[in-house]
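Here's the structure, in structure tokens; my notes come after.
None of the figures in this text is laboratory data; all of them are computed from the coordinates on show. Values in this document were obtained by computation on a predicted structure and should not be read as measured data. Positions of Cβ are generated from backbone atoms using ideal geometry, with glycine treated the same way; all protein chains shown enter the neighbour counts.
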């Protein structure tokens, strides 16, 4: 049984603001029956068309999806559109006293519907959201085909919630949670986002002696990289370290895996982040 | 709040008679049955009696019963053993609707160079035996097909399948965890080589199972070490649980007729009343032969976890084929294999009854569930034009 907070249970059992607003100013609808959850958010504005006077929802989904929708409507009532746009999925989860990590996608769905409602109300292009098959033409490459999630959407969620593993991305967005085919691509996106973050705030990297660097590389591989590969039935072996060049050989499920190129990139990014930015990872037969 | 427990395919209450039978073997008679002294010997006698009782329920010879720790261990043992005794055969046949205790083992073996065929099912959850015939070849080491499905209760024609399997010389294993005690089985006249059974599904405690191994079937043990279970399963016997399982099998035999009359009647009444009172509902596997205690019912436009949480508020314990319950994101692999539309796969609920279920409990579900579905449909953005 899920460990829901009392506040989640309370909002699930007594959801606020259920229903539609026939003359709503803004409506945001995300998700679908196939996805297993969906939210339709209705927003009514005051005469200045700037402040939210009423917000209601209709939700198909689990207990935490209904609770998150209820929380969202409570949170945005009285806010200006700009203030509402600044609401993050983490704030929705916090309002409820937290959500189990596996259920964080419920809070993301709330934020998605809110953003969609406001941006389309303002006449802007629909944001690159998940669930884009509902909203017609949208920018971006579809990464997760099962749930129809684009790279732009995933990057945003990874960035905002500082996600580090593909498992977290699945918990927050569902991406990779069905067939799992896009997990290598999700790992690439994480590496790319993390890379940008590191580039934006250059980490002060101490000058390492060769011996210390080799030690660190081994530690990162043992503690950070291999456990993740094991989780997917794979493994790697450190073959050689020659200056910044780190040679690895893939084992088990990783050996001969068509996405081992992605995995090598992931290893490289980890080592660059945690050891030294000049590291180059090479895959060798071994 | 007194619970209304309708989740007996997940686990069952330990029968009072079973509990009474096992207790002395936790406290006073704690001897090791392998010991030479009288103190262990008296436990050995009781373990033998339990073996006889289990064998009697499934029409087997006591020497064909191997006690294990659970149904999962029995399943793992059977499949791995078959591959070891037939090293030249590299093919396994199973079904898309098996329990993970079988399916995960098989899928894992594909990584080790084994070929695995997963037979599909039709919309009612039934196998196509022609597909089995086509898949079987001289490379097939083992066919593992469950006797009855845990989610839908659909019963497979095990003896027909076994006859086909035997023609090609492969071993035939069945996970009968959900069938034992609910429908009569008779190994004496069966085509089954190996069968898994789990104690806690038939009112014995958790942590005890058996693997039935037909006399003469080639076998390699999964656990090796001591000579227990005639060297077919090493490890000191879980004596109290074995004795409990023996008693549970004896009691299950006594209640078999009740299961197929009174329990079946309650299940059918629940099914009929829910279909009458709740529009846009359908039975998963309704057109197939099913276990007498299982009802899998799908409600369109609502999600299963939300239904379970609201039922739970009323003290009613059921389970769901929905994704959100398990933490996975897709509806159950069984419902997907059956092609249950997404519109209702997420809203599927399983009620599983037992001999302890009462008419009053069924009445409570018939009373409480329709308003719960209504309430969630009022919140849902879907289907309002139809309701």
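Okay, here's what the table says:
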{"quantity": "The range B:247-370 shape via C-alpha gyration tensor axes, a/c threshold 1.5", "calculated": "prolate"}
{"quantity": "Computed helical MRE - 222 nm, chain B, DSSP H runs ≥ 4 contributing -39500 (n - 2.57), nearest 500", "calculated": "-12000 deg cm²/dmol"}
{"quantity": "Separation in nanometres of the label points that stand 7 Å from Cα toward Cβ, at residue A:164 and residue B:336", "calculated": "3.0"}
{"quantity": "Degrees, to the nearest 10: B:100-110 long Cα axis against longest axis of chain B", "calculated": "70"}
{"quantity": "Sequence ranges B:234-245, A:47-58, ranked by mean other-Cβ count within 10 angstrom, highest first", "calculated": "B:234-245, A:47-58"}
{"quantity": "Efficiency of FRET between residue B:36 and residue B:188 - r from beta-carbon atoms, R0 30 angstrom, step 0.05", "calculated": "0.30"}
{"quantity": "Global form of chain B, assessed from the alpha-carbon gyration tensor, a/c cut-off 1.5", "calculated": "oblate"}
{"quantity": "Inter-label distance, nm, simple model (7 Å from Cα along the C-beta direction), residue A:208/residue A:235", "calculated": "2.4"}
{"quantity": "Cα gyration tensor category, rounded, prolate or oblate, for the protein assembly as shown with a/c compared to 1.5", "calculated": "oblate"}
{"quantity": "DSSP-defined beta bridges in chain A - what % are antiparallel, rounded to 5", "calculated": "85"}
{"quantity": "Fraction of antiparallel bridges per DSSP, the protein assembly as shown only, in percent to nearest 5", "calculated": "70"}
{"quantity": "Distance cut-off 14 Å, percentage of C-alpha pairs in the range A:142-200 lying past it", "calculated": "45"}
{"quantity": "Within 10 Å of each Cβ in A:36-42, the average number of Cβ atoms from other chains", "calculated": "4"}
{"quantity": "Percent RCO, i.e. relative contact order, over chain B, from Cα pairs under 8 Å lying at least 6 residues apart", "calculated": "22"}
{"quantity": "Order by protection proxy (mean Cβ within 10 Å, highest first), peptides A:18-24, B:54-60, B:296-302, B:154-160", "calculated": "B:296-302, B:54-60, B:154-160, A:18-24"}
{"quantity": "Ellipticity estimate at 222 nm from DSSP helix runs (n ≥ 4, -39,500 (n - 2.57)) divided over chain A, nearest 500", "calculated": "-13000 deg cm²/dmol"}
{"quantity": "For residues of A:12-18, the mean tally of beta carbons on other chains within 10 Å", "calculated": "2"}
{"quantity": "DSSP-defined antiparallel bridges as percent of all bridges, chain B, nearest 5", "calculated": "55"}
{"quantity": "Within 10 Å of each Cβ in B:299-306, the average number of Cβ atoms from other chains", "calculated": "5"}
{"quantity": "Sequence-separation-based contact order of the range A:6-62, relative, with Cα cut under 8 Å and 6+ spacing, percent", "calculated": "33"}
{"quantity": "Relative contact order of the range B:205-315, defined on C-alpha pairs under 8 angstrom at six or more residues apart (%)", "calculated": "16"}
{"quantity": "Packing-based order for B:260-270, B:284-294, using average beta carbon neighbours within 10 Å, highest first", "calculated": "B:284-294, B:260-270"}
{"quantity": "Angle between chain B longest axis and helix B:38-58 axis [Cα atoms, degrees, rounded to 10]", "calculated": "50"}
{"quantity": "Interatomic Cα distance distribution for the range A:27-175, bins of 5 angstrom, percent", "calculated": "2, 10, 21, 24, 22, 14, 6, 1, 0, 0"}
